[in-house]
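Chemist: Quick one: structure below, then a few questions.
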Amino acid sequence: LSNNSFVSLMNTNVYRLGEDYDANVTGSFFNIKTKDQKYFIGGSGVISQKFFSESTERGHTYNLALGKISGNWTYEAGHGVESDKYDPNDMGFLLSPNEQYYYIEGGHTQYKPKNEKLQQVRFSASSVYSRLYKPDVFTDFNIEFENFILWKSRFAIGFNSRLEPVPTFDYFEPRTNNFSRFMTWPSNYTIGGFVSSDYRRPFAYDIRLSYRYFDAAHRNNTNMLFAPRFRFNDQISIFTSTSLSLIHFEPGYVNRNLAESTLTGLSDSDILFGNRNRLIIENSISGRFIFNSFMGINLRIRHYWDKVRYQEFGRLDEDGYVSVTPYKGQNTKGEPIFDRNVNIFNVDLQYNWRFAPGSDIIFVWKNQIFNSDKQYERDYLANLGGLFDSVQTNNFSIRFLYFLDYLYLFPRKDV
């Protein structure tokens, strides 16, 4: 449409042989801008349908946003809904439906700072208020502040903070079918920042740090990331990343069916929870080789390691907290039942061929190893070496995308 505006329609559907259900998802998206490109209104609406032999399950999602998108001052406000039955996962991905939210954000950008060495300075703030869709209850409220400073040398730094000033409620973690129970998150704040060097140089890097503090005993999160990148020439680049997360006293659902004996201090109707410490290390390396302006290969190798050690167990009380009990989470031999050593190893290879303007053939190979065991005493190298004894899965796919220009088929006639 005019003013760089658009309206679009999307449909995905899955038909299965046999008694399993079929699925269809249809959605429309729009973005309308003013002639001066300063203001916009946009949104989407999607309906999902799952066709069973004797019934049809329908869900929906929609969102609407409007705001100012150009100039030194920008701002935006919006609202979105995902119904409890909305499910696009037959040919898409959605982590969890049954949510609704309201948000507002704004910021100020200096494109010509008074300091001659600076290229850009930006300050921004945002806030999100969330509820469940069904039942319609409060879940979350947060406020975020960010700033970004870019020098003309392309060196950049940034700072961010996030505040949840009131207790918030997670209705998904207790795993109840009717969302009747919740886990309470106490008020907390996060502070963090990053530095980033000039990507135009053969060697560059990103460093990120963050710390999250909770208004609860012993509970905090620390995250660190170091991501160097190497560009050997215009065709070959390598990107690496190493991240470390230290999570202390994180409450979470525990599958009581794994226990071998009676749970001391818990009744059959109680939901078992535990406070756990986690050490997460994630390493990845990506390579990019560009043959020419039409063909290229991307390769990504990633290893995710998560050591979970429970510190105490209890039942989820009516206020959403863990009420500690004498249960130790051990078997008859005194060994921990629920502590875990989790590994995920992925290889993703993608070959792209742009055979016509806007049109591509994409070949993808995905390899995955997933393993969850009790070898949490192993160090990193011993753990990585034992990973390849686990079962591997491979997936191959080819995607064909052809861009058809309406004006090519039906050219406009000169007036």
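Chemist: Full extension from R58 to T264: what is 0.36 nm times the residue separation minus their Cα-Cα distance, to one decimal in nm?
Modeler: Taking 0.36 nm per residue and subtracting the Cα distance, the gain is 69.9 nm.
Chemist: Sticking with this one: Residue by residue through segment 373-385, which ³J(HN,Hα) values in whole Hz follow from phi under the Karplus form 6.51 cos²θ - 1.76 cosθ + 1.60 (θ = phi - 60°), with glycine and proline marked x?
Modeler: Result, rounded to whole Hz: 9, 10, 8, 7, 7, 6, 7, 5, 5, 5, 5, 5, x.
Chemist: Could you work out the relative contact order of segment 1-106? I mean the mean sequence separation of Cα pairs under 8 Å and 6+ apart, divided by the number of residues, in percent.
Modeler: It rounds to 20 percent for segment 1-106.
Chemist: Near the amide H of D22, under 5 Å away, which other amide H atoms are found, from residues 5 or more places off or on another chain, if H is placed in the peptide plane?
Modeler: Residues meeting the criterion, in which the H sits 1.01 Å from N, are F51.
Chemist: Looking at segment 134-236, which trypsin sites (Lys or Arg not before Pro) are in a loop (DSSP not H, G, I, E or B) and have at most 13 other Cβ atoms within 10 Å?
Modeler: Counting only loop positions with at most 13 other Cβ atoms within 10 Å, the trypsin sites (Lys or Arg not before Pro) in segment 134-236 are K152, R175, R200.
Chemist: Still on this structure: Could you pull out the chymotrypsin sites (Phe, Trp or Tyr not before Pro) across segment 304-389 that fall in loop regions by DSSP (anything but H, G, I, E, B) with no more than 11 other Cβ atoms inside 10 Å?
Modeler: F388
Chemist: Tell me, what ³J(HN,Hα) does each residue in segment 124-130 have, in order and in whole Hz, if you take phi through Karplus 6.51 cos²θ - 1.76 cosθ + 1.60 with θ = phi - 60° and put x for Gly and Pro?
Modeler: Working through the residues one at a time gives 8, 8, 8, 8, 10, 10, 10 Hz.
Chemist: Given an 8 Å cut-off on Cα distances and at least 6 residues of separation, report the relative contact order of the chain as a percent.
Modeler: So the answer I get is 7 percent.
Chemist: What list of ³J(HN,Hα) couplings, whole Hz, do you get for segment 255-264 from phi and the Karplus terms 6.51, -1.76, 1.60, once you set θ to phi - 60° and write x for glycine and proline?
Modeler: Per-residue couplings from phi come out as 6, 5, 5, 7, 5, 9, 8, 5, 7, 4 Hz.
Chemist: Can you tell me the Rg and Dmax of segment 344-415, counting just the alpha carbons, in angstroms?
Modeler: Calculated on Cα positions, Rg and Dmax stand at 22.6, 77 Å.
Chemist: Also: Lysines within cross-link reach of K307: Cα-Cα under 28 Å, excluding same-chain residues under 8 positions apart?
Modeler: Candidates past the 8-residue exclusion: K328, K333, K366, K374.
Chemist: What range in the chain is the longest one free of GluC sites (Glu not before Pro) that are in a loop by DSSP and have at most 14 other Cβ atoms within 10 angstrom?
Modeler: In the chain, the maximal stretch lacking such sites is 117-259.
Chemist: Mind listing which chymotrypsin sites (Phe, Trp or Tyr not before Pro) in segment 3-77 are in a DSSP loop and have 14 or fewer other Cβ atoms within 10 Å?
Modeler: For chymotrypsin sites (Phe, Trp or Tyr not before Pro) across segment 3-77 that sit outside H, G, I, E and B with at most 14 neighbouring Cβ atoms in 10 Å, the list reads Y15, F52.
Chemist: Once the cut-off is 17 Å, how many percent of the Cα-Cα pairs in segment 200-248 end up in the long-distance tail?
Modeler: Roughly 51 percent, rounded to a whole number.
No lab work stands behind these numbers, since they all come straight from the coordinates. Bear in mind the structure is a predicted one, so any value in this text is a computation, not a measurement. Virtual Cβ from ideal backbone geometry, glycine too; neighbours counted across all protein chains shown.
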